[in-house]
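Novice: First, the structure itself, so that you have it in front of you.
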Amino acid sequence: MPDQAVEETLARVLTYLRLAGITVTPEMARRALRMVDSALEDGDQHLLSRVMDRLPDNFPLPEETLPPLAPPVHHASVHYEDSI
Amino acid sequence: MSEAGSADSSTDLAGRWKLVAVVRRTVLTLLVLGQTLAGVYGMLSVLPYHGGDLLEKSIVLLFALLFAWISVGFWTAMLGFYLRRRGGDPQSLTRRHDAATLAATPLARTALVLPIYNEPVDRTLAGLRATVESLRDSGQLDHFDFYILSDSRDADVWLAERAGWYALCRELGLEGRLFYRHRPVNLNFKSGNVADFLRRWGADYRYMVVLDADSVMGGDTLVRMVRHMELAPKVGILQSSPSLINAHSAFARFQQFANRIYGPLFSTGLAALQLGEAAYWGHNAIIRTAPFMAHCGLRHLSGFGLFKGAIMSHDFVEAAYMGRAGYQVWMEPELHESYEESPPTLVDELTRDRRWAKGNMQHTWLLLFGRRIRFAHRMAFINGILSYLASPVWFVFLVLTSIEATRLTLWPIDYFPNPQNSMFPVWPEWHPHWAVAMILSTFFLLFFPKFLAVADVIMSGRRRRFGGFWKLLLSMLLELFVSMLLAPIRMLAHSRYVMEALFNVSLHWGGQNRTDETGWAQALISQAPGTLLAGGWAALALWLDPMFFYWSLPVALPLILAAPTSVLLSRVAIGEWLRERGLLLTPEEQRVSSLVVAVAEPAALNPTPLTAFETAVVDPRINRLHRAQARRRRSIDPDSLSQWAQRCLERGPDVLNRFQLNALARDADSLAWLHRHAWRARPEDYWGRCIAQLGVVARGA
């Protein structure tokens, strides 16, 4: 398993965490590294996929409350005169 | 204040405006008729046979129409100048109540609606952000809700809009107050979009303020408008007169300067003539929702060709329907802090005019067959129609005068142009000094209001806001020159648009430039027909008679120079060069308000090197947002969606067409599947590279 793949996998995890709104602290980085290390124990085939599969279990992602796209609908009519 | 209980405290004023309107319109009609008759008399004197044959009768008829048209503009400006010098129109709606009464008037729930269609997202939402912030500063934000109503068809645009809405909600703390609606099917253009809003949420609001994609409005102005509406329950629409801001190219800065200098004169005059029967311009206006919903539904036209189907220019028609229902429509030039932007280039302006020409020509059907529409609103239709029809009339007038010149030079003199009416010969006469007098009087009608507008600025002590006396004067002369260069180009383009509209066809002369600046190749191609036509006409004139050649130059030369004019005016560098020298300055450029700054260089709401679709796939938060708002019901065969998603994963979104991309972007499962697999893509794959680019931004943040 080339080192480059491990580095890329770790970088991918950290990027995902940052984009998901998690501040990556040294402790977080160490946890990510442990996760990659643990995935490596199962072999180096499809490492990236296996690590990304394990990511939600290792890092609970913040679930921001989404604002309502629209308020409740109160149906009303637009009327048309008989003629133009 | 309830509508039923809020008796219009200014009932006398409310009733008197109708009488004043009749008087003003009658005086205007008499002045225009008198001036036109004098002009026709002068034209008859100029023509060699004094209108003695069909050709000259036609020339006189067209001349009368054109002269009356510019005469209306002239007297409207005169009235505007007179009223402004008197301190404003005493009949104005905004003068009915003093500041204390206004301040004591409670507000009512109002929705600000922003219908958009494939607009630049960051600029559009920057305008909305500025308006919201200004309302917050006014202390009255709680009375307003905000709706972004999108008809955009490209997934990359509406995904960016939705992500922008989300960012803006968080930034402004407007969760549950700022909403986003993307219509899956955009029936009936913008009016259909607004009607869709009204059917869903219109009953929740007493008023709606309609904004355009480039609109910005001040909070105090909005609050004032709501209060005026509360105090005058018979007012259905209150239209502000937007000023142009944020111009950079030379073309936009000329339009902005003209709007800021001449606009107040013309809008004050127009408002004084229309009073409670004004037009609605489609944006920067407040509308009473209940009567609008009850009376302003737009039926499809039942005629033929252009006159069949959905109404394209809805605003004038909605104002007419409001009037028909017994409600007033006011346009108030004294409502400040109402802004919009100019098209950056001549090409952009003409692209817009093409739509507007079609929409206004369509109003002919309503003018003729619309029932119970007020006379003033029929006049507004005529005003809109003539704004474009005047161009082909001018064109035909030039053709006929050329035929006249050709006839005089090449054909034998006809001593009996009307043999059945006269036994005596008619000797053709040519009085060049009368012709010069006619030209000068036409120029006077066209240009004197501009000098008067400058005088108004100087007399009201506002010249420093326009750069001082000399720079103001020089700017006006420059604008005069440029408007003379542009007039024949617009005339020819509008003539084409009117013909296209009337025959319901689309004639293409060449590619249209949609970038910020106009390129030489595109300008040369698109202006070639006009240049060739004008060159041929000038050559003919020179061959016929050198004097006729000189007469043709004011029209022919701008058309021959149309391509360089279009290119040079589109240049931002020239616009900025003029600004640095204190030319074409406007008050907003000098005393920059926060509203203007906010839209000058809009910050990206979601800074990313990726497209909106790529971001929707890759960014976990944005992906979650779009999945949460996506459809659960699948209207498309799941196998097709799977195939498209697989292709998108392997080769990126560019391999899919617009329909396929929209389908994936609207489907929660497809978005989730793409997100999951994109993050498992190898670094050298398409999505791996996207993630790497986004990773750089994430690390920077």
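Novice: Considering only segment B:195-204, state which residues are open to solvent by 10 Å² or more (accessible area, probe 1.4 Å) and either in contact with a helix residue (DSSP H, G or I) (Cβ under 7 Å, 6 or more places away or on another chain) or aliphatic (A, V, I, L, M) (or both).
Specialist: B:Ala195, B:Ala203
Novice: Hey, another quick one. May I ask you to list pairs of residues, at least six apart or on different chains, whose Cβ atoms are under 6 Å apart, with the first in segment B:647-658 being surrounded by fewer than 19 Cβ atoms within 10 Å (Cβ to Cβ) and the second being part of a helix (DSSP H, G or I) and at pLDDT below 95?
Specialist: Filtered contacts from segment B:647-658: no entries.
Novice: When residues of segment B:128-163 are filtered for being under 17 Å from B:Arg624 (Cα atoms), within 13 Å of chain A (Cβ to nearest Cβ) and in contact with a helix residue (DSSP H, G or I) (Cβ under 6 Å, 6 or more places away or on another chain), how many remain?
Specialist: Qualifying residue count, segment B:128-163: 2.
Novice: So B:Asn118 passes all but one of these: (1) within 25 Å of the chain's Cα centre (by Cα); (2) more than 14 Å from chain A (Cβ to nearest Cβ); (3) crowded, with 16+ Cβ neighbours inside 10 Å. Which condition number does it fail?
Specialist: (3)
Novice: If we scan segment B:634-645, do we find a residue that is of a type outside the set (A, V, I, L, M, F, W, C), within 14 Å of chain A (Cβ to nearest Cβ) and out of contact with any Pro (no Cβ under 9 Å at 6 or more places or on another chain)?
Specialist: no
Novice: Please list, ordered by first then second residue, the pairs with beta carbon atoms under 7 Å, 6 or more apart or interchain, first in segment A:57-84 and farther than 30 Å from B:Leu301 by Cβ, second part of a loop (DSSP other than H, G, I, E, B) and of a type in the set (Val, Ile, Thr).
Specialist: Once the first residue is farther than 30 Å from B:Leu301 by Cβ and sits in segment A:57-84, its partners that are part of a loop (DSSP other than H, G, I, E, B) and of a type in the set (Val, Ile, Thr) give A:Phe59/A:Ile22; A:Pro62/A:Ile22.
Novice: If you check B:Ala672 against the conditions, is it closer than 16 Å to A:Ala20 by Cα, more than 12 Å from chain A (Cβ to nearest Cβ), open to solvent by 20 Å² or more (accessible area, probe 1.4 Å) and out of contact with any Gly (no Cβ under 7 Å at 6 or more places or on another chain)?
Specialist: yes
Novice: Out of all the residues in segment B:209-220, which are surrounded by fewer than 24 Cβ atoms within 10 Å (Cβ to Cβ) and either among the hydrophobic types (A, V, I, L, M, F, W, C) or assigned to a helix (DSSP H, G or I) (or both)?
Specialist: B:Ala213, B:Gly219, B:Asp220
Novice: State all residues of segment A:26-84 that are closer than 19 Å to B:Pro683 by Cα, open to solvent by 90 Å² or more (accessible area, probe 1.4 Å) and of a type in the set (S, T, N, Q); if no residue qualifies, say none.
Specialist: If the condition is that a residue be closer than 19 Å to B:Pro683 by Cα, open to solvent by 90 Å² or more (accessible area, probe 1.4 Å) and of a type in the set (S, T, N, Q), then A:Gln45 is the only one that fits.
Novice: For B:Ser138, are the conditions met, namely being open to solvent by 20 Å² or more (accessible area, probe 1.4 Å) and either over 21 Å from the mean Cα position of the chain (by Cα) or closer than 17 Å to B:Asp214 by Cβ (or both)?
Specialist: For B:Ser138, the condition - open to solvent by 20 Å² or more (accessible area, probe 1.4 Å) and either over 21 Å from the mean Cα position of the chain (by Cα) or closer than 17 Å to B:Asp214 by Cβ (or both) - is met.
Novice: If you don't mind, there's one more thing I want to ask. Looking only at segment B:312-334, which residues are in a strand (DSSP E or B) and among the β-branched types (Val, Ile, Thr)?
Specialist: Of everything in segment B:312-334, just one residue is in a strand (DSSP E or B) and among the β-branched types (Val, Ile, Thr), namely B:Val329.
Novice: Looking at B:Ala68, is it touching a Ser or Thr at 6+ places or on another chain (Cβ under 7 Å), buried (at least 16 other Cβ atoms within 10 Å of the Cβ) and part of a helix (DSSP H, G or I)?
Specialist: Criteria met by B:Ala68.
Novice: Let me ask something else about it. What tally of residues in segment B:427-445 results from selecting those that are touching a residue at least 24 places away in the same chain (Cβ under 8 Å), open to solvent by 70 Å² or more (accessible area, probe 1.4 Å) and hydrophobic (A, V, I, L, M, F, W, C)?
Specialist: Within segment B:427-445, residues that are touching a residue at least 24 places away in the same chain (Cβ under 8 Å), open to solvent by 70 Å² or more (accessible area, probe 1.4 Å) and hydrophobic (A, V, I, L, M, F, W, C) number 2.
Novice: Still on this model: Filter segment B:544-572 down to the residues that are closer than 16 Å to B:Leu533 by Cα and β-branched (Val, Ile, Thr) and list them by number.
Specialist: B:Val555, B:Ile560
Novice: Limited to segment B:173-198, what total is found for residues that are touching a residue at least 24 places away in the same chain (Cβ under 8 Å) and within 11 Å of chain A (Cβ to nearest Cβ)?
Specialist: Residues in segment B:173-198 being touching a residue at least 24 places away in the same chain (Cβ under 8 Å) and within 11 Å of chain A (Cβ to nearest Cβ): 15 in total.
Novice: Quick one: which of B:Phe189, B:Phe254 is hydrophobic (A, V, I, L, M, F, W, C), at pLDDT below 95 and within 16 Å of the chain's Cα centre (by Cα)?
Specialist: Only one candidate passes the filter, namely B:Phe189.
Novice: Run B:Gln629 past the list (1) without any contact (Cβ under 8 Å) to a residue 60 or more places away in the chain; (2) within 11 Å of another protein chain (Cβ to nearest Cβ) and report the number of the one that doesn't hold.
Specialist: So the condition that B:Gln629 fails would be (1).
Novice: Okay, moving on. Could you please find all residues in segment B:560-574 being assigned to a helix (DSSP H, G or I), open to solvent by 10 Å² or more (accessible area, probe 1.4 Å), of a type outside the set (Val, Ile, Thr) and touching a residue at least 60 places away in the same chain (Cβ under 8 Å)?
Specialist: Answer for segment B:560-574, where residues must be assigned to a helix (DSSP H, G or I), open to solvent by 10 Å² or more (accessible area, probe 1.4 Å), of a type outside the set (Val, Ile, Thr) and touching a residue at least 60 places away in the same chain (Cβ under 8 Å): B:Leu568, B:Leu569.
Novice: Taking segment B:575-626 as the region of interest, how many residues are part of a helix (DSSP H, G or I) and either more than 14 Å from every other protein chain (Cβ to nearest Cβ) or under 23 Å from the mean Cα position of the chain (by Cα) (or both)?
Specialist: Here the count works out to 19.
Novice: Another one. Mind checking whether some residue in segment B:613-625 is modelled with pLDDT of 95 or more, more than 26 Å from A:Leu47 (Cα to Cα) and either surrounded by fewer than 22 Cβ atoms within 10 Å (Cβ to Cβ) or of a type in the set (Val, Ile, Thr) (or both)?
Specialist: No: segment B:613-625 contains no residue that is modelled with pLDDT of 95 or more, more than 26 Å from A:Leu47 (Cα to Cα) and either surrounded by fewer than 22 Cβ atoms within 10 Å (Cβ to Cβ) or of a type in the set (Val, Ile, Thr) (or both).
Novice: May I pose another question? Among the numbered criteria (1) of a type outside the set (Asp, Glu); (2) within 14 Å of chain B (Cβ to nearest Cβ); (3) more than 28 Å from B:Ala167 (Cα to Cα); (4) free of Cβ contacts under 8 Å to residues at least 40 places away in the same chain, which one does A:Val51 miss?
Specialist: (4)
Novice: Follow-up. Filter segment B:575-611 down to residues that are without any contact (Cβ under 8 Å) to a residue 60 or more places away in the chain and in contact with a His (Cβ under 6 Å, 6 or more places away or on another chain), then give me how many there are.
Specialist: 0
Novice: Next question. Considering only segment B:284-311, state which residues are outside any loop (DSSP other than H, G, I, E, B) and open to solvent by less than 30 Å² (accessible area, probe 1.4 Å).
Specialist: Within segment B:284-311, B:Ala285, B:Ile286, B:Ile287, B:Arg288, B:Thr289, B:Pro291, B:Phe292, B:Met293, B:Leu301, B:Leu306, B:Phe307, B:Gly309 meet the criteria.
Novice: Also: Could you list, in sequence order, the residues of segment B:459-487 that are in a helix (DSSP H, G or I) and touching a Gly at 6+ places or on another chain (Cβ under 8 Å)?
Specialist: Result: B:Lys471, B:Ser475.
Novice: Scan segment B:307-359 for residues that are of a type in the set (Val, Ile, Thr) and more than 14 Å from chain A (Cβ to nearest Cβ) and jot them down.
Specialist: Selection gives B:Val329, B:Thr345, B:Val347, B:Thr351.
Novice: State all residues of segment A:32-53 that are among the basic types (Lys, Arg) and within 16 Å of the chain's Cα centre (by Cα); if no residue qualifies, say none.
Specialist: Selection gives A:Arg50 alone.
Novice: Restricting to segment B:456-487, count the residues that are open to solvent by 20 Å² or more (accessible area, probe 1.4 Å), of a type in the set (Gly, Ala, Ser) and touching a residue at least 40 places away in the same chain (Cβ under 8 Å).
Specialist: 4
The values are calculated or read from the model by the stated rules, or taken from the named source; none is laboratory data. From a predicted model like this one, the values you see are computed outputs, not experimental measurements. Neighbour counts are summed over all protein chains in view; Cβ atoms, including those assigned to glycine, are modelled from backbone coordinates with ideal geometry. Note: accessible area is taken over every heavy atom of the protein model, side chains too, but ligands, DNA and RNA are not part of it. Shrake-Rupley method; radii C 1.70, N 1.55, O 1.52, S 1.80 Å.
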